[in-house]
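The values are calculated or read from the model by the stated rules, or taken from the named source; none is laboratory data. All of these numbers come straight from a predicted model, not from anything done at the bench. Don't worry about glycine lacking a Cβ; one is built from the backbone with ideal geometry, like all the others, and counts go over all protein chains shown. Surface accessibility is based on the protein's heavy atoms, side chains included, excluding ligands, DNA and RNA. Shrake-Rupley method; radii C 1.70, N 1.55, O 1.52, S 1.80 Å.
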Amino acid sequence: MSVTQSQSIAQSVVRNFIEITKLRLSVSVVFSSVAGYLLGADSIDFYILFLLCVGGYCMVGASNVYNQIIERDLDALMERTKNRPLPAGQMTVQSAFILAVILTVVGIVVLYSINPITAMFGAISIFMYVSLYTPLKTKTPLSVFVGAFPGAIPFMLGWVAATGEFGIEPGTLFMIQFFWQFPHFWAIGWFLFEDYKKGGFFMLPNGKRDKGTAIQVILYTIWTVLVSIIPVLGITGKLFLTPISGILIGVLGIGLIYYSLRLYREKTSKAAKQLMLASVSYITLLQIIYVADKFLR
């Protein structure tokens with residue numbers, strides 16, 4: 001085998017790994033965990049932070065691989081997923097399953113080395129995502145509700161990794177990311193409605209892009225913003241926000257509500273995509289503000 005061929009194979013393996021573990025999504029999840037850790041830690045232990053990043057990526061990556069194994073035939077029907085490694089024939093199901101098992105074992109072991117509670121929540125997230133959320137996607141719009149549970153774990157997982165305890169503080173972080181997911185994923189379900197329809201996925205609460213769905217998006221967006229500023233009131237234990245940070249998050253929230261109202265008014269794929277992008281910006285900037293508030297006050 002020539003050097004060129006070896007390089008080509010190595011590049012293919014890396015590319016398949018990146019795609020099947022959904023690198024960008026996994027990194028965003030790890031970012032949430034890191035933010036949670038920084039909020040919960042009295043002092044930063046970079047070794048623990050490294051373990052959290054590795055273990056977190058493994059757990060999210062494993063969930064994504066299992067998901068793509070289960071949905072490989074449906075992925076082949078949709079434009080946005082037909083070129084994934086499994087439907088495109090670039091990876092075998094056996095290879096994907098072995099990778100998923102390795103990531104699961106490594107992820108749980110690494111998170112357990114931080115503390116048992118962190119590993120437990122990591123294992124719960126994989127179980128719920130793969131065994132509950134994934135099969136429900138083709139059966140009921142309630143799949144988004146079920147999927148919001150494992151999706152909300154990363155933010156609070158970081159706090160648990162830092163403290164070894166679960167209380168009102170990580171519970172609040174969980175609630176923020178839990179409610180945020182509804183407008184986020186419904187926006188995605190709206191502008192990818194036709195593509196999801198090809199795969200038989202039910203992502204919108206009413207099953208269609210209508211006024212009722214748009215109203216629910218607005219309501220959950222408002223609730224997301226309200227939950228996000230609760231720490232300003234000083235009722236969430238050690239998780240606390242200064243009024244200035246509360247105002248900043250409130251301003252971000254007004255922007256998010258604006259885009260949800262715009263979706264209600266226009267009911268277009270363009271408005272839904274703008275809401276999705278706004279939601280990503282909201283949760284990212286919120287986490288940055290939370291962390292900055294702790295270290296700058």
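Filter the stretch 262-288 down to residues that are β-branched (Val, Ile, Thr) and more than 14 Å from the chain's Cα centre (by Cα) and give me whichever is farthest from residue 185 (Cα to Cα). Full working, then the answer.
Residues of the stretch 262-288 that are β-branched (Val, Ile, Thr), as a first pass: 268, 280, 283-284, 288.
In the following step, the residues that additionally are more than 14 Å from the chain's Cα centre (by Cα) were identified as 268, 288.
On the way: 268: 15, 288: 22 Å.
So the residue we want is 288.
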(request) Return the only residue of 176, 153, 117, 98 being loosely packed, with under 14 Cβ neighbours inside 10 Å and assigned to a helix (DSSP H, G or I). (result) 98
(request) Sort through 234, 246, 250 and tell me the only one that's exposed (fewer than 14 other Cβ atoms within 10 Å of the Cβ) and either under 20 Å from residue 170 (Cα atoms) or free of Cβ contacts under 8 Å to residues at least 60 places away in the same chain (or both). (result) 234
(request) Count, please, the residues in the stretch 126-146 that happen to be assigned to a helix (DSSP H, G or I), surrounded by 18 or more Cβ atoms within 10 Å (Cβ to Cβ) and out of contact with any Leu (no Cβ under 8 Å at 6 or more places or on another chain). (result) 7
(message) Can you say whether residue 90 is open to solvent by 40 Å² or more (accessible area, probe 1.4 Å) and in contact (Cβ under 8 Å) with a residue 60 or more places away in the chain, as far as the supplied structure shows?
(response) yes
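Being open to solvent by 80 Å² or more (accessible area, probe 1.4 Å) and among the hydrophobic types (A, V, I, L, M, F, W, C) is the filter here; which residues of the stretch 26-55 pass it? Give the steps one after another, and end with the answer.
Applying the first criterion (open to solvent by 80 Å² or more (accessible area, probe 1.4 Å)) to the stretch 26-55 yields 31, 42-43, 46-47, 50.
If the condition is that a residue be open to solvent by 80 Å² or more (accessible area, probe 1.4 Å) and among the hydrophobic types (A, V, I, L, M, F, W, C), then 31, 46, 50 are the ones that fit.
Tell me yes or no: at least one residue of the stretch 197-206 is over 22 Å from residue 67 (Cβ atoms), of a type in the set (A, V, I, L, M, F, W, C) and either surrounded by fewer than 18 Cβ atoms within 10 Å (Cβ to Cβ) or touching a residue at least 40 places away in the same chain (Cβ under 8 Å) (or both).
The first filter runs over the stretch 197-206 and keeps only residues over 22 Å from residue 67 (Cβ atoms), leaving 206.
Those still in the list that are of a type in the set (A, V, I, L, M, F, W, C) too: none.
Scanning the stretch 197-206, I find no residue that is over 22 Å from residue 67 (Cβ atoms), of a type in the set (A, V, I, L, M, F, W, C) and either surrounded by fewer than 18 Cβ atoms within 10 Å (Cβ to Cβ) or touching a residue at least 40 places away in the same chain (Cβ under 8 Å) (or both), so the answer is no.
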